[in-house]
Every structure is written in structure tokens, then in C-alpha cells.
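Participant: One structure coming up, written as C-alpha cells, with questions to follow.
The values are calculated or read from the model by the stated rules, or taken from the named source; none is laboratory data. Note that the structure is a prediction, hence the values are computed from the model and not measured. Glycine gets a Cβ as well: all are built from the backbone with ideal geometry, and neighbour counts include every protein chain shown.
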């Protein structure tokens with residue numbers, strides 16, 4: 001079975017477009033040439049990859065498997081090109097690191113700063129993602145390292161504990177609990193909520209609400225913490241965020257109250273597929289992020 005990069009790009013284009021014609025056009029190939037390439041892939045594999053329908057084409061079970069592998073391979077090819085381009089400019093390594101919001105608000109930035117100062121020949125591609133997406137990306141080889149909360153299922157990965165985190169309620173200044181020393185989730189679960197783009201957090205909170213026989217009511221979901229703070233200050237709803245995220249808000253128009261439930265104390269973990277097999281640059285970063 002021998003596929004080249006162009007074959008994989010064509011196949012993904014056809015699947016994503018849902019059409020052999022449009023997929024061929026995206027690769028600037030004649031339809032007959034594209035069809036011949038797909039047929040050659042199916043012959044080499046010994047299985048059909050595409051199912052023809054009245055609306056176009058869709059992948060078979062074998063095709064779905066090829067889609068997953070093709071995306072990983074093409075992503076790694078792009079990583080390789082980026083790293084090799086960096087080497088031509090004197091760079092000796094590049095690491096892809098994904099972090100959840102809590103990690104980027106407090107724990108990671110100072111350690112990453114020190115790492116980059118100490119290693120001027122290394123570069124880090126840093127992205128903020130929800131913990132569940134980070135786990136999937138690391139497991140599929142689309143990222144070297146991830147920092148996630150223990151609300152995500154990372155059983156398939158190797159992990160190292162980093163730091164404790166606590167959930168906080170962000171309230172408007174006129175909220176009845178604004179001056180409270182702490183609050184329980186049960187005190188807040190029936191309130192209108194403001195989501196802050198953390199899918200794993202929402203799943204975690206929804207599970208806790210279901211144990212109380214309740215469902216969460218999200219009035220709005222936002223991506224930026226600053227937008228969330230504005231909404232909470234205006235009394236639109238409350239937000240439940242990590243302690244590090246809350247500490248970064250710094251607004252006199254907000255009240256931040258810790259949750260006193262035992263499960264509201266979380267831990268952040270560094271994760272990788274296999275720490276022992278990390279490239280040298282990623283291994284160095286993993287050591288820099290791990291507690292002494």
C-alpha cells in the first residue's frame with residue numbers, strides 16, 4: 001500500500017467537499033485523473049474508500065479510518081516543513097503546546113518565558129483550547145504537550161500533576177452573595193450562567209447539576225474573559241471559572257467568591273502520549289513546566 005502526499009490531499013479534499021468533482025477542482029486535477037487516483041488507492045488498499053450517493057460521495061468505514069490518518073500525516077508534514085524552515089534560520093527545535101484557559105491565565109506564562117529565555121534556539125507554538133480538545137490533539141499526535149484540568153478524561157495519555165486549582169463564582173456587585181466568604185454550587189446552580197468557552201468545564205458542571213436534579217441555564221457563551229466580566233458586572237448572569245482566570249480579571253465591578261464544594265478543587269496536569277519518546281525540545285519544555 002503506497003499513497004503519496006498528493007493522494008492524501010486529494011482524498012481529504014473529496015471527503016470535505018462531498019464531491020469528487022469539487023475535490024478534483026480543489027487540487028487542480030482533471031476529474032478523470034482524480035477518479036483514477038482514488039481508484040488506485042482503493043485497489044492498493046483492497047477496500048472501497050468512497051460511497052457514491054445521489055448527493056455526491058461520502059467515506060466508507062475504511063475511508064473514515066483513512067481520513068483520520070491522513071489528517072495526522074498531513075499535519076505532521078506541515079510541522080516538519082515549519083521546523084525545517086526554522087532550522088534554516090538557525091532554529092534548533094519547535095514544540096507545539098496546547099493549554100486550557102486556567103493554565104494560560106497563571107501557571108504556564110512565567111515558566112514558558114523562562115524556558116524561551118534559556119533556550120533562544122527553540123520555538124513554541126502555543127494555543128488555547130478546551131481540555132477535551134487538547135486531550136484529543138495530544139493523543140492523535142497533533143500536539144507534543146498539553147496542559148489540562150482533571151475534568152477531562154485523559155486516561156489514554158501519560159500525565160504529570162502540575163498545580164492545584166479552585167473554581168470561583170464571578171458575580172455582579174449587587175448579587176446577594178457578592179460579599180460572601182464562599183458559596184456552594186447548590187447556592188448558584190439555578191442562576192443564569194455565562195459560559196466562557198471551556199467545554200470540559202461545562203460538562204463537569206452539568207454533571208454536578210444533574211446530581212442535584214437540575215439543569216444549567218446558560219444565557220450566553222463567550223470566548224473572551226473580558227466579555228464575560230462585562231456581562232457579569234452588568235448582572236446578566238454569573239460565571240464559574242478557575243481561580244487563575246478570576247485573579248486576572250482585576251475589576252472593582254465584580255465580586256469573586258470561591259466555591260466551597262470539595263469537587264471544586266481541581267488539579268492541572270501536563271500530558272503527553274509518552275514522555276520518554278518526546279523530541280528533545282519537547283522533553284526540555286516538559287521539564288520546565290513540571291514542578292521542581
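Participant: Which ranges mark the helices (runs of 4 or more DSSP H) fully within the range 182-292 that have 3 or more residues being over 30 Å from residue 120 (Cβ atoms)?
Facilitator: Output list reads 185-188, 199-211, 225-233, 243-247.
Participant: Return the only residue of 191, 133, 127 being in the same structural domain as residue 101 (by TED's automatic domain parsing) and either surrounded by fewer than 17 Cβ atoms within 10 Å (Cβ to Cβ) or farther than 29 Å from residue 110 by Cα (or both).
Facilitator: 127
Participant: Then there is this: With the condition kept exactly as written, say whether any residue in the range 231-245 is touching a helix residue (DSSP H, G or I) at 6+ places or on another chain (Cβ under 8 Å), surrounded by fewer than 19 Cβ atoms within 10 Å (Cβ to Cβ) and farther than 16 Å from residue 178 by Cα.
Facilitator: no
Participant: Right, next: If the requirement is being modelled with pLDDT of 85 or more and under 22 Å from residue 77 (Cα atoms), which of these qualifies: 36, 16?
Facilitator: 16 is the lone residue from the list that is modelled with pLDDT of 85 or more and under 22 Å from residue 77 (Cα atoms).
Participant: Restricting the range 60-105 to residues that are modelled with pLDDT under 75 and touching a strand residue (DSSP E or B) at 6+ places or on another chain (Cβ under 8 Å), which is farthest from residue 50 (Cα to Cα)?
Facilitator: The residue in question is 105.
Results for (1) free of Cβ contacts under 8 Å to residues at least 24 places away in the same chain; (2) under 18 Å from residue 274 (Cα atoms); (3) out of contact with any strand residue (DSSP E or B) (no Cβ under 7 Å at 6 or more places or on another chain), shown as yes or no for each residue.
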| site | (1), (2), (3) |
| --- | --- |
| 130 | no, no, yes |
| 158 | no, yes, no |
| 162 | no, yes, no |
| 167 | no, no, no |
| 180 | no, no, no |
| 183 | no, no, no |
| 194 | no, no, no |
| 207 | yes, no, yes |
| 211 | yes, no, yes |
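Participant: Which condition number in (1) assigned to a strand (DSSP E or B); (2) farther than 17 Å from residue 78 by Cβ is the one that residue 120 fails?
Facilitator: That leaves (1) as the condition not met.
Participant: Any residue that is under 14 Å from residue 16 (Cβ atoms) and in a strand (DSSP E or B) - is there at least one of those in the range 42-51?
Facilitator: yes
Participant: What's the number of the condition residue 252 fails, among (1) farther than 22 Å from residue 150 by Cβ; (2) surrounded by 13 or more Cβ atoms within 10 Å (Cβ to Cβ); (3) over 22 Å from the mean Cα position of the chain (by Cα)?
Facilitator: Of everything listed in (1) farther than 22 Å from residue 150 by Cβ; (2) surrounded by 13 or more Cβ atoms within 10 Å (Cβ to Cβ); (3) over 22 Å from the mean Cα position of the chain (by Cα), residue 252 misses just condition (2).
Participant: Filter the range 136-161 down to residues that are at pLDDT below 90 and either in the same structural domain as residue 77 (by TED's automatic domain parsing) or touching a helix residue (DSSP H, G or I) at 6+ places or on another chain (Cβ under 6 Å) (or both) and give me whichever is farthest from residue 112 (Cα to Cα).
Facilitator: The residue in question is 156.
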